[in-house]
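Worksheet for the structure shown next.
The values are calculated or read from the model by the stated rules, or taken from the named source; none is laboratory data. As the structure is a prediction and not an experimental result, all values here were calculated from the model. Every residue, glycine among them, receives a Cβ derived from its backbone with ideal geometry; neighbour counts consider all protein chains shown. Just the protein is used for accessible areas: all its heavy atoms, side chains included, with ligands, DNA and RNA removed. Shrake-Rupley method; radii C 1.70, N 1.55, O 1.52, S 1.80 Å.
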Amino acid sequence: MKLEYFQMIDRVAALEGEAIVVESTIPDASPVFEGHFPGYPLMPGVLLVETMAQASGWLLLKLMDFERMPFLMGVKEAKFRSFVGPGTPVTVHAQRLHDGSGYAVTKARIEANGKRICDAELTLRIMDFPAPELAAAMRQRGQELGLA
């Protein structure tokens, strides 16, 4: 996980049907932890939501054969059940619930040490890639993750 570059996913562990499982490790050190919180570093909840959105995005990219780009548009019923700090390995599960009219809905959750950390229902807008550089970068990162 590289927080400063918003690369929240380290590797794809499984991809089956309309579901994906990805793994990441919260970095041991990051400027994010200097302010969140001094002496008690925690992964910010908004970055946990971003991690679930990225897992959902990689799932959708693969299901669409990297032809279109998903963008996070909505978060419903996000629930945070526990905290995670530096060095914690996490597993992210995402499943497509609906796809149509230019949008997809996923259900995602993050677990650490067998314990649920958070979950949410996410809405992503499916669009043409707005720039060829973005399409190329996503395909390249997808290959690094083992998706393309």
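Below are the figures for this structure:
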| read-out | value |
| --- | --- |
| Peptides ranked, highest mean first, by Cβ atoms within 10 Å: ranges 85-96, 7-18 | 85-96, 7-18 |
| Spin-label model distance (nm) - Thr25 vs Ala78, 7 Å beyond Cα toward Cβ | 2.6 nm |
| Equivalent ellipsoid semi-axes - Cα gyration tensor, region 65-148, angstrom | 26, 18, 10 |
| Gap separating the Cα centres of region 1-28 and region 34-91, nearest whole Å | 9 Å |
| Additional length obtainable on full extension of the chain from Thr88 to Gln140, 0.36 nm per residue less Cα span | 16.1 nm |
| Dimensionless Rg over Rh [region 43-91; C-alpha; Kirkwood] | 1.04 |
| Charge sum, other residues only, whose C-beta stays under 14 Å from Met52's C-beta, Lys/Arg counted +1 and Asp/Glu -1 | +1 |
| Over the chain - Rg/Rh using Cα atoms and the Kirkwood inverse-distance radius | 0.96 |
| Cα-based equivalent ellipsoid of region 78-125: semi-axis lengths in Å, sorted from largest, via gyration tensor | 25, 9, 8 |
| Full-extension gain in nm, Phe37 to Ala14, via 0.36 nm per residue minus C-alpha separation | 5.0 nm |
| Region 19-148: relative contact order in percent, alpha carbon pairs under 8 Å with at least 6 residues between | 29 percent |
| More than 22 angstrom apart: percent of Cα pairs within region 6-84 | 33 percent |
| With Cα atoms, 0 to 90° folded angle of helix 45-63 axis to the chain main axis | 30 degrees |
| Area accessible to solvent at Lys115, 1.4 Å probe radius, in Å² | 110 Å² |
| Rounded to the nearest 10 Å², the accessible area of Glu23 at probe 1.4 Å | 60 Å² |
| Probe 1.4 Å, all protein chains present, accessible-area order of Phe129, Phe33, largest first | Phe129, Phe33 |
| Using alpha-carbon coordinates, inclination of helix 132-145 to the longest axis of the chain, degrees | 60 degrees |
